[in-house]
Every structure is written in structure tokens, then in C-alpha cells.
């Protein structure tokens, strides 16, 4: 009996230490040191452009369905605007947290990630046969895979930023395999691909071993082949790929309508009044690129895509000036997630890639997606600073100007006194 009590006390002590104790330890180091310069104005301007275009495009794609369902034009866009404001504040807070403080809570974040994905697997299926949502009392719901993205990057970047020990690599691989495996069991293959690409980005940035990346990609392809073999219904979802015009009334309905609408919009669009794609199902989520192309033209739709792609430029530029390897790796991984997710959404809607159901960052409707996108931008913002003087490497520090000599010694060359007398006896 006493042994069982001591074991329980030990477990409770460990739990308390790894939760409350870590919170207490992270308070003194939670805020980043004072920056040497503010964040790039170009980065802030890009954020405002993405936010403005995203909300404008979403309103155009959703006001008809909002009026049909509730009789109010702003019933969909209003909560999305509130979530965007909260997300902007969330990005600012998260980007100013020292990642060393987050490391103290990493174990708790990993446990939360595992629990969220299990809850998603236990939740009811949606209309597409996937397990993407966790439903809360009162009718609210959220998508765990979107919030797990933040913990996934933190786990990969923080673990690989330490000494590249074998145990750290094994932990990262196992945690990544768990996340991707759960998403595959949920039939959310689009998000699973996004996670896998981010993992490849993190691994390559830290190792530089292209052969290992190719081997991991081949292994993932083999695993995908096994899934398609043992679950034929999954393969049926991809039969429409590149054959949308042969299934215009069934599985290719959305893709064929999206391509028709984008073609009718031309370069400059037909305008919101003459557009019709907004009345098709999932127009404000999966097909939002087609809605933008039809109403405002292909040029503006490509501007929205280019704004997200430009994040890669900031991620690469911040690599040299980042505070540490963690910020450089996290910024590149976050940018790769956003870019690959945009690629899947855009090319899937026009049948160049399979339609996977992932959202267009900052444009598609969804509170969980909006919050996760702003959270990913926090990694970019945190990396977009120069290192403080105390954290610079010796070769980065500017040379101190020679002290000015006055009086009798003004015109005489400086004598290396330290080399003559030595530094040991000097106070």
C-alpha cells in the first residue's frame, strides 16, 4: 500500500513540476530581449494586404449563402472579422514569447496535441466522411489539425535546434509520424501532406542531407500506396483527378464549375452581381480561388496567391538575421506550410491536383484556419529581427572605434601596453 501511495505521489509531483513548475520557470524568460530594430515595414504591409484581400474576397464569396441561411448579409463575415482581429493579437503575443520559455511547456503541448487528434478521431464524421471537427457544447466546433500545426513546428524546430542527438531525431520522427498517421486515419489527406512537407523542410534545413529526404519521401509514398490498396474507397476519391469533365454531374461537379467560372471571369472579372460560382457548395472554402477569379479576374486572384508566396521571401531573408537556428527553421517551416496549402487549394480547385479540401490561407472561411494562419505568421515575425548585440556572434559585432588620444600623445602612435606588460597584473 505504501509503495502505491509513493508511486502516486511521485507521478503527481512530476505532473505538477511539468505544468505549474514549468509555468513559474518560464515567467522570467517569457519575453524576448529588446530588439535592435523594428519588424520590416514590408512584412507589416504584406500582412495588411493579405488581411484586407482575404476578408474582402471571403465576404464576396459568402454573402449569398449568409443571406439564404440567416437573412443577414454579414452573418458569416462578421465572426470571421472578429477572429481575424483576435488572430492578429495572437500573432503579436506569440511572436514576442521567447522560445526558451515555450520549450518549458513543450511536453504539455505535445500531450495536448495527442489528445486533440484522438478527440478528432472519436468525433462524428462530417458530410465528406472525414473526422476534421471536434464539437463542443452549445454548437461550437473547431478543427484540431489547424491548431496542431503550431505545436508541430515548435516540436520540430525546438528539438532539431538542440544538439542533433539521435534521440532528438527519433522523437521528432515519431511525433511527426503520429500527427500524419492520425490525419490519414481521419481521411484528411490534404492536411497530412501539408504536415509532411513541413517535416521535410525542417529535416532538410537542419541536416542538409538530400538523400535522407528522398528516402523519407519514398517511404511516405509507399505508405500511401498501402493505404490506397487496403482502403479502395480512398482511391475512388482520386479517380476524378484530371477527369473532371467526364464527371461533371457527380464527383467532378465542383472542379468543372470552378474552371468554367474562372474562364468566364477572364483577366478582370465579371463583377459580384453577374457571378454564379458563389452559389455552388463549398464556394467560400475549397473553391474560393474560383470565386475570386470569376468576380475580380484572374489577375487579382494571382495577386492573392502571390501575397502568400511572398512569405517565402521573408522567411529566407530572415534566416541570416534570426536570433537562433530555431527561429530560422520555424519561419521556413511555417512559410512552407502556408505555401503548400495554398498550392493544394488553388491547383486542386482547377483539377491540376486532386481536390483535397484544404483551405486557402486567410481567404477561406473558418475560424480555426484563420487562427492557425496567424499563429504561423508569428514564427515569421519573430524571425524577422536582427539579433541583439549580446546574442551576436563575435564576427558579427562591429569593431569598436579606436579611442581618441589627446594632449601630449595626440600625434604619437598608440603603444600596445597590454602586450608589453601583460594583462594579468592590470585591474
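Laboratory data are not the source of any read-out in this text; all were calculated from the coordinates shown. Because the structure is a prediction, the values reported are computed rather than measured. All Cβ positions, even for glycine, are placed from backbone atoms using ideal geometry, and neighbour counts span all protein chains on display.
A few comments on the model shown:
- Relative contact order of the range 170-316, taken over Cα pairs closer than 8 Å and 6 or more residues apart, is 13 percent.
- Taking other C-beta atoms within 10 Å as the exposure proxy, 278, 72, 381 rank 72, 278, 381 from fewest upward.
- The mean sequence distance of close C-alpha pairs (under 8 Å, at least 6 residues apart), as a share of the length of the range 277-342, puts its relative contact order at 23 percent.
- For 145, 62, the sequence from fewest to most other C-beta atoms within 10 Å is 62, 145.
- Cβ-based exposure ranking for 286, 274, in which fewest neighbours within 10 Å come first: 274, 286
- Take the Cα radius of gyration of the range 58-123 and divide it by 2.2 N^0.38 Å, N being the number of residues; the result is 1.67.
- Among 290-303, 210-223, 259-272, 345-358, the order from most to least packed when residues are scored by Cβ within 10 Å on average: 290-303, 345-358, 259-272, 210-223
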